[in-house]
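Engineer: My structure is below; once you've seen it, I'll send some questions.
The values are calculated or read from the model by the stated rules, or taken from the named source; none is laboratory data. The structure displayed is predicted, hence computed values, not measured ones. All Cβ positions, even for glycine, are placed from backbone atoms using ideal geometry, and neighbour counts span all protein chains on display.
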Amino acid sequence: MFTNVIVRKPGQSMVNGITTANLGKPDYEKALKQHDNYVEALKQCGVNVTVLEADEKYPDSCFVEDTALLTKKCAVITNPGAGSRKGEEKEIHEVLKGFYDNIEVIKEPGTIEGGDIMMVGDHFYIGLSARTNKEGAEQMIEYLQKYGYTGSTVPFEKFLHLKTGVSYLEHNNLLATGEFIDHPMFKDFNIIEISEEESYAANCIWVNDYVLVPKGFDEAKNAIAEAGYRIIEVDVSEFRKLDGGLSCLSLRF
Ligand code: GLY
C-alpha cells in the first residue's frame, strides 16, 4: 500500500520540455487543470499528496518520478540522463529529507531515471535506455542490495523509459505493449496486452488497488477492469505531448 505521493506542478516553461511525440506544444492552462485532477484522483486512492510548486528552471520538472527511487527502507536520488534535466533531483533530495533517514545518491558517470525502474515486491527491474546507463543501473542495484532488495537490468529498444511500455499492477499482473509482451524477462507474469494503437495506455499506475488509466483508451481500460481493478480515468493529454505518462507525474511510497 502507498501512503504518500509527491508531485510537482508544471511550470509555464513546460512548453519547452523534451519531446519526440509530434503532438504540438502543451496548453499550459489545460495542463494545470489536468494536474489538479491527477492530484484529486490520487487522493481518491487514499494517499497523502505533497504538491511542490513549479520549478521554471526545469521544463520537465513536473515529471518527478525520474528524480528518485523510493522504497520502504530507503530513497535513492537519481542522476537524470537528459542534460536539461540534470539538477531537478537536487531539490527533491531536500524534500525527501523530510520523509527518509536513509538517502543514497547515484553518481557520475552513472545516469538513471525513475521511469526506467519498475518495482515488483522486493525486486526492481531497471531498463537500460538512452537515459539510464549500465553504471547507473549497477549503482542502483548495489544500493538496493544494501537494503535487502534485488535488482536486474532489462535491455529494450523502442521506448523512452522501461515504464513507457510496461507497468506492474500487483497480483502478478503486468500491463505490456510492443516488445514487452513477449519479453523473456517477463514470461512468468500474467500479461495484460495493450495494442500498438493504445500503447500510451501501457503506462498506468496502481495505487492501493485502484488503477489510474489515461483517458481515451477504452480497450486498455476494459482489459484492466476485467482483471478486477477499480479504474480512475485521468486526462493527461498535455503531458503526453511531452512524452510523459501517468507514472512520470508522481513519486509514490
Ligand atoms: N519530457 C519528458 C522527458 O523527456 O523526460
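Engineer: Search region 71-83 for residues being farther than 20 Å from Gln12 by Cα and among the aliphatic types (A, V, I, L, M), and hand back the single one that is nearest to the ligand (Cβ to nearest atom).
Structural biologist: Ile77
Engineer: Collect the residues in region 35-46 that are farther than 21 Å from Gly114 by Cα and either within 16 Å of the ligand (Cβ to nearest atom) or outside any helix (DSSP H, G or I) (or both), keeping them in residue-number order.
Structural biologist: Correct list: Cys45, Gly46.
Engineer: While we're here: So, Asp101, is that one within 30 Å of Ser152 (Cβ to Cβ), modelled with pLDDT of 95 or more and within 17 Å of the chain's Cα centre (by Cα) or not?
Structural biologist: no
Engineer: Just to be sure I understand, how many residues within region 47-70 are under 24 Å from Val211 (Cβ atoms) and away from the ligand (no atom under 14 Å from the Cβ)?
Structural biologist: 8
Engineer: Taking region 14-38, which residues are of a type outside the set (Asp, Glu), surrounded by fewer than 19 Cβ atoms within 10 Å (Cβ to Cβ) and over 18 Å from Asp66 (Cα atoms)?
Structural biologist: The answer is Val15, Ala21, Asn22, Leu23, Gly24, Lys25, Tyr28, Lys30, Leu32, Lys33, Asn37.
Engineer: Find all pairs meeting these conditions: Cβ atoms under 6 angstrom apart; at least six residues apart or on different chains; first residue within region 149-175 and more than 25 Å from Ile18 (Cα to Cα) and touching a residue at least 40 places away in the same chain (Cβ under 8 Å); second residue part of a helix (DSSP H, G or I) and among the basic types (Lys, Arg).
Structural biologist: none
Engineer: Still on this structure, I have one more. Would you mind telling me which numbered condition in (1) surrounded by fewer than 21 Cβ atoms within 10 Å (Cβ to Cβ); (2) part of a loop (DSSP other than H, G, I, E, B) Thr153 fails?
Structural biologist: With respect to (1) surrounded by fewer than 21 Cβ atoms within 10 Å (Cβ to Cβ); (2) part of a loop (DSSP other than H, G, I, E, B), Thr153 is out only on (2).
Engineer: Give the residue that is surrounded by the fewest Cβ atoms within 10 Å (Cβ to Cβ), with candidates limited to residues of region 84-131 that are assigned to a helix (DSSP H, G or I) and within 14 Å of the ligand (Cβ to nearest atom).
Structural biologist: Here the residue is Ser84.
Engineer: Using beta carbons and a limit of 6 Å, which pairs, at least six apart or on different chains, have the first residue in region 75-101 and among the aromatic types (Phe, Trp, Tyr) and the second one modelled with pLDDT of 95 or more and away from the ligand (no atom under 16 Å from the Cβ)?
Structural biologist: Qualifying pairs under 6 Å: Tyr100/Ala75.
Engineer: Restricting attention to region 135-145, which residues are in contact (Cβ under 8 Å) with a residue 12 or more places away in the chain, away from the ligand (no atom under 16 Å from the Cβ) and either loosely packed, with under 14 Cβ neighbours inside 10 Å or not charged (D, E, K, R) (or both)?
Structural biologist: Ala137, Gln139, Met140, Ile141, Tyr143, Leu144
Engineer: Restricting attention to region 19-34, which residues are more than 13 Å from Arg240 (Cβ to Cβ) and within 16 Å of the ligand (Cβ to nearest atom)?
Structural biologist: Within region 19-34, just Tyr28 meets the criteria.
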